[in-house]
1. May I have the convex hull volume per residue, in Å³, for the Cα set of segment 13-161?
2. Which loop-located trypsin sites (Lys or Arg not before Pro) does segment 214-297 contain, where loop means any DSSP state but H, G, I, E or B and the Cβ has at most 12 other Cβ atoms within 10 Å?
3. How far is the Cα center of segment 24-44 from the Cα center of segment 115-189, in Å?
4. Using a 1.4 Å probe on the protein chains only, how many percent of the accessible area of the chain belongs to carbon and sulfur?
5. Run the Debye formula on the Cα coordinates of segment 200-297, all scatterers equal and no solvent, and tell me log10 I(q)/I(0) at q = 0.11, 0.13, 0.15 1/Å.
6. Quote the charge dipole size of segment 1-62 about the Cα centre in Debye, to the nearest 20; the model charges only the Cβ of Lys and Arg (+1) and of Asp and Glu (-1).
7. If I model the chain as equal point scatterers sitting on the Cα atoms and use the Debye formula, what is log10 I(q)/I(0) at q = 0.12, 0.16 Å⁻¹?
8. At a probe size of 1.4 Å, how large is the accessible area of residue 169, to the nearest 10 Å²?
Amino acid sequence: MSHSRKLLQGHVVADVIFNEIKVELQRMHFPRSPCVAFLRIGNDGASVSYVAQKEKMARTIGIKSILKVFDPAQITEDQLMEEIKNLNLDTSVDGILVQAPLPKSIDFVNVCNAIAPNKDVDGFGAENLGRLLQEKSGFIPCTPAGIVELLKFYNISPAGKHVVIVNRSLIVGKPLAALLTQHSPWGNATVTLCHSHSENLSQLTRQADILVLACGKPGYFDSNFVKPATILIDVGITRVADSSPRGYSLQGDANFEAVSPIVQAIAPVPGGVGPLTVALLMRNTLKAFKLQNNFAT
Ligand code: NAP
């Protein structure tokens, strides 16, 4: 990438957020630390690694975590709901996160809706998503909130800009569209949401001032999909097998070599949005802790 192009380094922004949380925790005098419970079903490699990263970061900044792992062949939706119900009632647990993906027999949305709204640190439950649409305070999903933090850090205002998002999931596209269309200085964008039924995708993505890719198709988006000077946020993360010692590399949806000479700035994979998702989860956990222990938020 030439020096005139800018890398949007999410890991730098994430470190700032981690430090803020650490300092705030050190200033609080409370008999216990915030605590987040992670529920993982099965041993899918990416899920194991995501939860391990979250546990490690929690430990580093002074947040306690509990990990519950379930056998996908044994656990039913009702049993998982029961686990969540118990954690909802447990006053020593501030936040609850169920790591996706879940087995097909378990409905992810039902599970998210079972988490008490004031412990829903992923923000995927109906109440928090509704509050986001209503522009009321609540828990905002971590990846969209992280993308807004990235834009803020690099002073890239989305206001009045055309943001094209290739993703309509509850985790990325829909909450991001809601955030970026809020009546706020870091909203006020014009948003187009694309998905697998969108016709003429490259014509749509080429209109973007800010282009957000979250398809999970490694290297799919080449120079045909981006207009000059676009800001590109690559959210897609796929493990692609290679001959390295760990056996894979992490790849984004953008063909980095092809698009980097064209774009104004790019949040790459790895090192872009990924670390911000973890940082915003920690911030949401601190918020949940404060809510449940009557600290001002
Ligand atoms: P998902 O639910 O499978 O969503 C994928 C989206 O891409 C869907 O909306 C899908 O459309 C769309 N899509 C797939 N192929 C397409 C195509 N050829 N043209 C246009 N749209 C297409 O997955 P997700 O959970 O949102 O995650 C998406 C990606 O983001 C994954 O790579 C994931 O690892 C990554 N991710 C990264 C972070 C992070 O922290 N950086 C966080 C979350 C997710 P349909 O809805 O029509 O199927």
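1. That works out to 139 Å³ per residue.
2. Within segment 214-297, the qualifying trypsin sites (Lys or Arg not before Pro) (loop, at most 12 other Cβ atoms within 10 Å) are 246.
3. Centre-to-centre (Cα) distance: 23 Å.
4. 52 percent
5. Computed log10 I(q)/I(0) values: -0.44, -0.56, -0.67.
6. 60 debye
7. -0.80, -1.37
8. Solvent-accessible area, nearest 10 Å²: 40 Å².
The values are calculated or read from the model by the stated rules, or taken from the named source; none is laboratory data. Since the model is a prediction, treat every value here as computed from it, not as a measurement. Counting neighbours? That spans all protein chains shown, and the Cβs are built from the backbone with ideal geometry, glycine included. What goes into the accessible areas is simple: the full protein's heavy atoms, side chains included, and nothing from ligands, DNA or RNA. Shrake-Rupley method; radii C 1.70, N 1.55, O 1.52, S 1.80 Å.
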